Amino acid sequence: MFERRPELHQFAEVFEQENCTAETIVENGSRIILAIYEAPKIEVSIENHRYMSFAKSTRLNLNTAVKLASLPPTAATACQHLSRVYYQVQNWLGKDLNPEQWTWTINNNILEPLKTLSPPAPDVLLCTIGPQSTYLRPNLRA
């Protein structure tokens, strides 16, 4: 991929830079993710490419289930992933960063990725499931 798209090298280089901003990490990392998912070079939005990939897969065959694993991650998920990647690269380079500032958590002295910060679905949709779904909506009480 990097051989076919040499401009991706500059996007990857930010992960080696010390004190890089989260915005720069996400912006550059998103371009790499888009390339992995074969988005057109002009595409800059993971959410847009995710939607277009979903729409394309539903147009191809309406009788076949969409393979969600083949879709790009959501922008929120990509942001968290890229933050963890930055932490790991910096750690490999000998930099001492606080993992909890880079979407990791320490649980029983084990470093684990922080679970998604986004809800599994909009509250409007979750409400249609019924009160048994309140475990999915911790901010709503039955």
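Give the range of the longest stretch in the chain that excludes all chymotrypsin sites (Phe, Trp or Tyr not before Pro) found in loop regions by DSSP and having at most 16 other beta-carbon atoms within 10 Å.
Working: sites that count: F2, Y37.
Longest stretch, sites excluded: 38-142.
For the chain, list the DSSP H helices whose alpha carbon atoms reach 15 Å or more along the long axis and whose average Kyte-Doolittle value is 0.5 or above? Please list the in-between numbers first.
Values: long enough: 22-36 (21 Å, 0.85); 46-60 (21 Å, -0.79); 75-92 (25 Å, -0.37).
Those that clear 15 Å and a mean of 0.5 are 22-36.
Among the aspartates and glutamates, select those whose C-alpha is under 14 Å from the C-alpha of K95, and discard any that sit fewer than 8 residues away in the same chain.
E16, E18
Of all GluC sites (Glu not before Pro) in segment 12-49, which ones are in loop regions per DSSP and have a Cβ with at most 15 other Cβ atoms within 10 Å? If you can, show how the numbers build up before the last one.
Values: sites: E13, E16, E18, E23, E27, E38, E43, E47; in loops: E18, E38, E43.
Answer in residue order: E18, E38.
Under a 5 Å amide H to amide H cut-off, with H placed in plane at 1.01 Å, what residues pair with W104 once short-range neighbours are removed?
Amide H to amide H, under 5 Å and 5 or more residues apart or across chains, W104 pairs with L114.
Using a Cα-Cα cut-off of under 20 Å, which lysines could be cross-linked to K56, ignoring same-chain neighbours fewer than 8 residues away?
Result set, ordered by chain and number: K41, K67.
Please work out the FRET efficiency for the pair T74 and F2, using the Cβ-Cβ distance as r and a Förster radius of 30 Å; give the result to the nearest 0.05.
Numbers: r = 25 Å, r/R0 = 0.82.
So the FRET efficiency works out to roughly 0.75.
Can you give the longest stretch of the chain with no exposed loop site, where a site means trypsin sites (Lys or Arg not before Pro) in a DSSP loop (not H, G, I, E or B) with at most 15 other C-beta atoms within 10 Å?
Numbers: sites that count: R4, K41, K67, K95, K115, R141.
Counting only loop sites that pass the neighbour cut-off, the longest clear stretch is 5-40.
In terms of Cα to Cα distance under 16 Å, which aspartates and glutamates are near enough to K115, apart from those fewer than 8 places away along the same chain?
Straight-line reach from K115, under 16 Å: E100.
Read-outs: derived from the displayed coordinates by stated rules, not from any lab. Treat the numbers as computed from the prediction; the structure is a model and nothing was measured. Note: ideal-geometry Cβ built from the backbone for every residue, glycine included; neighbour counts use all protein chains shown.
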